[in-house]
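Here is the structure we will look at, set down as structure tokens.
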Amino acid sequence: MVGLLTTISLGFLLGIKHALEPDHVIAVSTVASQSKKLWRSSLIGVFWGIGHTSTLLLTGVLMILLKGNIPEEWAMSLEFLVGIMLVYFGVTTFRSIKNYNKHMAHEPNHMGKRMSLKAVFMGFIHGLAGSAAMVLLTLSTVSTLWEGMVYILIFGLGTIVGMLVFTTIIGLPFIYSARKFRINKLFTQVTGVVSAIFGVYYMYNLGINEGLFHLWLQ
């Protein structure tokens, strides 16, 4: 019992740490930068965590039941999707600047729903990309399916808490500069540029340095 509690506690802490990995932080920042309400920025982290945990749980359970593993080429290809996503959402932040004056005074409901869906989608993609490592970690720490499910859920709760705290913090400068167009525009542009550049680097590292392009051509 003590061993299981220790494993679960470790899973929660690892979940918090996992949420704050650079690609997660940068991706969610592109959505949080578009919110004019702090509570909405905070919820973006929660929705990301829900999408991330759902994918990990589904993939993890399937892999544990099938006693299988995700081939290296597939795992790396899913990681490559993260790079594409980072570039895409980095570019789309510039589009949000055009709508700044139009929605300066308030944040329409449809925009809030759209940001929430984006956050869930990001979490889903990150969950797919991290599923291989998560399954290996889970199999090394638990002995039954139920323990594995509990571990992944606790890990997911850790990611939600970690991302909730982060998106709340990252949302502050955008909220306080919401009525100062030039400052808000600068913050948003920096977020978009960082996301796009990191996405290109992410794909280059996977494709060239880690050999994904070579695996595709075999």
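The values are calculated or read from the model by the stated rules, or taken from the named source; none is laboratory data. Predicted model, so just to flag it, every value in this text is computed and none were measured. When we count neighbours, we look across all protein chains shown, and the Cβ atoms used for this are built from the backbone with ideal geometry, even at glycine.
Failed condition for Ile183, given (1) surrounded by 15 or more Cβ atoms within 10 Å (Cβ to Cβ); (2) under 22 Å from Ala27 (Cα atoms), with all others met?
(1)
Given the conditions (1) touching a residue at least 24 places away in the same chain (Cβ under 8 Å); (2) part of a helix (DSSP H, G or I), which single one is not true for Arg179?
The number of the failed condition is (2).
Can you confirm whether Phe174 is in contact (Cβ under 8 Å) with a residue 40 or more places away in the chain, touching an Asp or Glu at 6+ places or on another chain (Cβ under 8 Å) and either over 19 Å from Met85 (Cβ atoms) or in a helix (DSSP H, G or I) (or both)? Give the steps one after another, and end with the answer.
On the way: in contact (Cβ under 8 Å) with a residue 40 or more places away in the chain: yes; touching an Asp or Glu at 6+ places or on another chain (Cβ under 8 Å): no; either over 19 Å from Met85 (Cβ atoms) or in a helix (DSSP H, G or I) (or both): yes.
So Phe174 fails the test.
Pairs under 7 Å by beta carbon, first residue surrounded by 14 or more Cβ atoms within 10 Å (Cβ to Cβ) in segment 65-88, partner part of a loop (DSSP other than H, G, I, E, B) and modelled with pLDDT of 85 or more, six or more apart or different chains?
Met76/Glu210
Please tell me if Ile197 is under 13 Å from Val28 (Cα atoms), among the β-branched types (Val, Ile, Thr) and at pLDDT 90 or above.
On the way: under 13 Å from Val28 (Cα atoms): no; among the β-branched types (Val, Ile, Thr): yes; at pLDDT 90 or above: yes.
Against the criterion (under 13 Å from Val28 (Cα atoms), among the β-branched types (Val, Ile, Thr) and at pLDDT 90 or above), Ile197 does not qualify.
For segment 21-33, check the following and say yes or no: at least one residue is over 12 Å from the mean Cα position of the chain (by Cα) and of a type outside the set (A, V, I, L, M, F, W, C).
yes
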